[in-house]
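Below is one structure, written out as structure tokens, with a few remarks after it.
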Amino acid sequence: MKKFIISLSVVGFMMLSIMSTINGQTRYFDERYIYSQHNINPSLLNAGAIGANDYQELFVNYRNTWAGFEDSPKTILIAYNGPIGNRLGFGAQLLSDSYANLNTTKGQIGLSYTIESPTNKVGFGISTEYIQHNLSGSGVSGAQVDITDPVIRDRLDGAQYFDASFGIFGLYNKKLVYGISFPSLISSKISDTGSEAERNIGYIFQVGYKMKSETTKITFEPSVVVKSLMNTPTHIDLMGRFGFLEDKLTGGIAYTLGGDKRLGFLIGTTIESLKINYMYNVSSAEFQTYNNGSHEISVGLRFGENETVKTIKEIEGATDM
């Protein structure tokens, strides 16, 4: 424990030292703002949540923002995370995002270290990310744009970045969920196109509380997530999520303050090792009249669960009945 704390302090000092020597670079935007199912898959936002569960999971997340509108933003992500050893977790993500003519590709790998006590389980995670932004499509050719413009040429040539993120994610007394992460804490531009720019360090703070009725066995988890990310308005996601039949059925409602002020509805199911969740968002902004809302669906496959942990869960479930 003492050695780990010393090692963590050294890593933190090194990260701060690197940040002081790297010139500020700003990416076009941070992709983490799009997700509305981050309370179901917290590793989407927080590297500390990698390997938080005692099983491995492969999942796909797809989001169509402003459905029905031409060239609306569409995002697909394939991710894996799970434990790889005593207290260690490993995660990997591959993302593709299209926003009209702006395309973003991101590859990410992360590691976490978990400390567990009788009342608290907390993971410390770090991830490294390769991001590429570029323009493509008919809208950037011909007479529609001036390709001699240096900004346009920068986007056409593409810009690549190498980022590093840090996060802490925990569960206290098996009820209180908490976490804070610093996305793109370190950001270095790989390509030599464009110019340097000022950038602010973003953060994501989350807290939730798990409750269960002893009579109906229905679970309820209210949660709050605050996001302050690059080139996106700071916003707060509020969600109340219900679980029925030992969480085999899930339903919830969400509301976002700031940004586009969206209202969301969640429904999901778990069948053996398969987990499916769907969320629909509608915005109160005027632009909502020109689209059919946003749709986000995730499909997860769980495997490799620790048999000892599984037995303990079955015993705990029998005790609750």
The range 61-78 - residue that is among the aliphatic types (A, V, I, L, M) and in contact with a Ser or Thr (Cβ under 7 Å, 6 or more places away or on another chain) and, of those, surrounded by the fewest Cβ atoms within 10 Å (Cβ to Cβ) | 76
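Restricting to the range 246-267, give me the number of residues that are under 15 Å from residue 216 (Cα atoms) and free of Cβ contacts under 8 Å to residues at least 24 places away in the same chain.
Of all residues in the range 246-267, those under 15 Å from residue 216 (Cα atoms) come to 246-250.
Filter once more, so that each one left must be free of Cβ contacts under 8 Å to residues at least 24 places away in the same chain: 248-249.
Of the residues in that region, 2 qualify.
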Look through the range 79-98, keep the residues that are over 17 Å from the mean Cα position of the chain (by Cα) and surrounded by fewer than 19 Cβ atoms within 10 Å (Cβ to Cβ), and return whichever of them is farthest from residue 52 (Cα to Cα).
-> 98
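If you check 232, 250, which single one turns out to be polar (S, T, N, Q), touching a Leu at 6+ places or on another chain (Cβ under 9 Å) and surrounded by 14 or more Cβ atoms within 10 Å (Cβ to Cβ)? Can you show your working first?
On the way: 232 fails: touching a Leu at 6+ places or on another chain (Cβ under 9 Å).
Sole residue among the options that is polar (S, T, N, Q), touching a Leu at 6+ places or on another chain (Cβ under 9 Å) and surrounded by 14 or more Cβ atoms within 10 Å (Cβ to Cβ): 250.
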Would it be correct to say that residue 289 is surrounded by 14 or more Cβ atoms within 10 Å (Cβ to Cβ), among the hydroxyl-bearing types (Ser, Thr, Tyr) and either farther than 30 Å from residue 83 by Cα or at pLDDT 90 or above (or both)?
-> no
Which one is farthest from residue 158 (Cα to Cα), of the residues in the range 191-216 that are in contact with a helix residue (DSSP H, G or I) (Cβ under 9 Å, 6 or more places away or on another chain) and modelled with pLDDT of 90 or more?
-> 212
Residue 314 fails exactly one of (1) assigned to a helix (DSSP H, G or I); (2) modelled with pLDDT of 90 or more; (3) of a type in the set (D, E, K, R), namely (2)
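The values are calculated or read from the model by the stated rules, or taken from the named source; none is laboratory data. Since this is a predicted model, take the numbers as computed values, not measurements. Because the Cβ atoms are built from the backbone with ideal geometry, glycine has one as well, and the counts that use them run over all protein chains shown.
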